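Colleague: Dropping the structure in here first, questions after.
The values are calculated or read from the model by the stated rules, or taken from the named source; none is laboratory data. Model, not experiment: these values are computed from the prediction. Using ideal geometry, Cβ is built from the backbone for each residue, glycine included, and neighbour counts are taken over all protein chains shown.
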Amino acid sequence: MTALHGVVSAALADHRFDGSALSQLVVWFGVWLAHWIMASRMLEADRRQGQLVIGSLIGLGTTVAGLVALLGASLDALLVDRASTLLVQQQQPLAQAAATVVVGVPVWVVYWLRNLSRARRTPLWFGYVLPVGVGGSLVLAVVGASIVLYQLLVWLVGEPASTQAAQHFEGAPTAGACVIVGAVSWWYHRQVFTGATPARMEVTRVYEYLMAGIALLAAAVGVTMVVVVLVESLVPPAAVEVGTSVVNSLLSGVTLLLVGGPLWLVFWSRIGRATRDGGPDELASPTRRIYLFVLFGLGGVAAVVAVLVAAFLGIQDALQNGFDAQVVREMRIPVAILLATGGISGYHWLVYRHDRSQLPVAAPQHGPRYVLLVGAPDGVVCGAVERLTGARVDLWVRADGLAGPWAVDDVVAAVSQSGADAVAVIAGPAGLETIGMQRP
């Protein structure tokens with residue numbers, strides 16, 4: 001890929017032939033092709049998915065980066081009046097971006113479009129499509145939209161660093177390209193994922209909770225910045241401070257709220273509908289419990305740290321200069337963090353308590369924690385014994401054919417009478433034999 005980029009960029013930018021890059025391309029392409037053929041003949045389909053995922057990641061990342069750079073340079077040339085310098089200043093970036101696209105697209109087509117997209121839907125396959133294809137593309141689009149929105153708000157109601165629109169919106173074309181490329185990539189991978197998963201899976205929950213957490217973090221940072229700016233506007237500094245204007249800081253916080261808030265609402269509403277329709281399975285899913293515990297725990301820890309920092313700053317300034325408005329100003333950041341993280345932690349604790357109230361009460365534990373049944377095959381006895389005793393139950397089939405049929409009531413009675421933590425119940429010609437065991 002590096003050698004091909006050198007060949008293409010030299011031809012497009014400098015209109016010359018790079019023989020050294022071409023020789024490297026021939027050699028390394030031969031090495032890659034030999035290993036590709038060996039892998040296709042020697043490895044099973046599932047064992048090839050690891051290198052297919054890596055190749056798809058490289059191809060997708062290179063293609064997206066090239067498209068963003070190419071589209072950004074094109075928008076910059078079209079929207080900004082640089083007709084006199086276009087051929088001189090824009091030729092090199094356009095050529096480099098085009099070369100990146102030419103390099104990335106074939107790799108993505110070979111690894112993903114022709115191979116991995118048709119492979120079996122394993123966890124590794126979903127790990128590429130959801131976190132990278134869907135999630136990464138959405139993050140790219142959201143970041144680009146945030147930059148464009150912030151620059152627009154600063155230009156309209158803020159304090160721009162330059163009165164020239166071309167200078168102020170210098171990075172807007174690239175950010176806009178991120179929005180377009182990220183949205184298209186998100187739509188494509190979302191369609192692929194929807195077609196592959198007609199039912200809701202745990203990997204779907206991981207994606208939705210991850211996106212909700214990222215959006216909530218952005219909104220929390222926005223709330224923190226808004227609170228800080230409000231305190232700064234109400235309590236002016238004792239001396240002149242040089243830095244970012246209060247208006248621009250407020251606009252940055254508002255931008256994060258406008259981007260992160262609706263995105264979090266979309267994913268959290270989708271999660272809420274799934275919990276109402278999915279019942280106990282959705283409420284008790286590992287992903288949901290981890291999400292709630294992480295946000296409640298991290299939010300609580302951050303709130304406690306913010307309280308300690310605010311108390312330290314308040315007491316220190318009060319002892320030195322007395323308690324006045326400047327003490328409140330010094331405490332603005334930890335107080336803002338306390339409000340944001342405390343609200344997040346408290347809300348998710350209420351959600352967790354509501355989930356616990358909706359879940360059915362687990363069956364009480366009677367007898368041992370583990371039961372090994374040795375006897376005739378039976379697809380019902382394991383589930384019945386687990387439900388009645390609360391123990392984990394495994395069934396092994398006797399190979400000598402001497403086992404009689406299972407009776408659930410007799411098995412439960414035998415298990416309940418044992419005082420061991422693990423029990424083996426053997427069904428023989430003379431009935432049930434119970435043996436206490438010690439598990440390692």
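Colleague: Can you pull out every residue in region 284-303 that is surrounded by fewer than 19 Cβ atoms within 10 Å (Cβ to Cβ) and among the hydroxyl-bearing types (Ser, Thr, Tyr)?
Modeller: Answer for region 284-303, where residues must be surrounded by fewer than 19 Cβ atoms within 10 Å (Cβ to Cβ) and among the hydroxyl-bearing types (Ser, Thr, Tyr): just 287.
Colleague: If you check residue 400 against the conditions, is it over 45 Å from the mean Cα position of the chain (by Cα) and assigned to a helix (DSSP H, G or I)? Write out each step before concluding.
Modeller: Numbers: over 45 Å from the mean Cα position of the chain (by Cα): yes; assigned to a helix (DSSP H, G or I): no.
Spelling it out, it is not the case that residue 400 is over 45 Å from the mean Cα position of the chain (by Cα) and assigned to a helix (DSSP H, G or I).
Colleague: Please determine whether any residue of region 312-323 is out of contact with any strand residue (DSSP E or B) (no Cβ under 8 Å at 6 or more places or on another chain), at pLDDT 80 or above and assigned to a helix (DSSP H, G or I).
Modeller: Yes, that holds for at least one residue.
Colleague: Right, here's the next one. Go through 384, 413, 420 for me and flag whichever is outside any helix (DSSP H, G or I), among the aliphatic types (A, V, I, L, M) and out of contact with any Asp or Glu (no Cβ under 6 Å at 6 or more places or on another chain).
Modeller: The conditions single out 420.
Colleague: Quick one: which of 7, 27 is buried (at least 16 other Cβ atoms within 10 Å of the Cβ), modelled with pLDDT of 90 or more and at negative phi?
Modeller: Going through 7, 27 in turn, just one is buried (at least 16 other Cβ atoms within 10 Å of the Cβ), modelled with pLDDT of 90 or more and at negative phi: 7.
Colleague: Among the numbered criteria (1) acidic (Asp, Glu); (2) over 30 Å from residue 292 (Cβ atoms); (3) in a helix (DSSP H, G or I), which single criterion is violated by residue 378?
Modeller: So residue 378 meets the others, but not (3).
Colleague: Can I ask one more? How many residues are within 22 Å of residue 430 (Cα to Cα) and surrounded by 12 or more Cβ atoms within 10 Å (Cβ to Cβ) if we restrict to region 364-392?
Modeller: 10
Colleague: OK, next. Given 192, 179, 184, 206, which one is more than 26 Å from residue 105 (Cβ to Cβ), of a type in the set (Val, Ile, Thr) and touching a helix residue (DSSP H, G or I) at 6+ places or on another chain (Cβ under 9 Å)?
Modeller: Exactly one of 192, 179, 184, 206 is more than 26 Å from residue 105 (Cβ to Cβ), of a type in the set (Val, Ile, Thr) and touching a helix residue (DSSP H, G or I) at 6+ places or on another chain (Cβ under 9 Å), namely 206.
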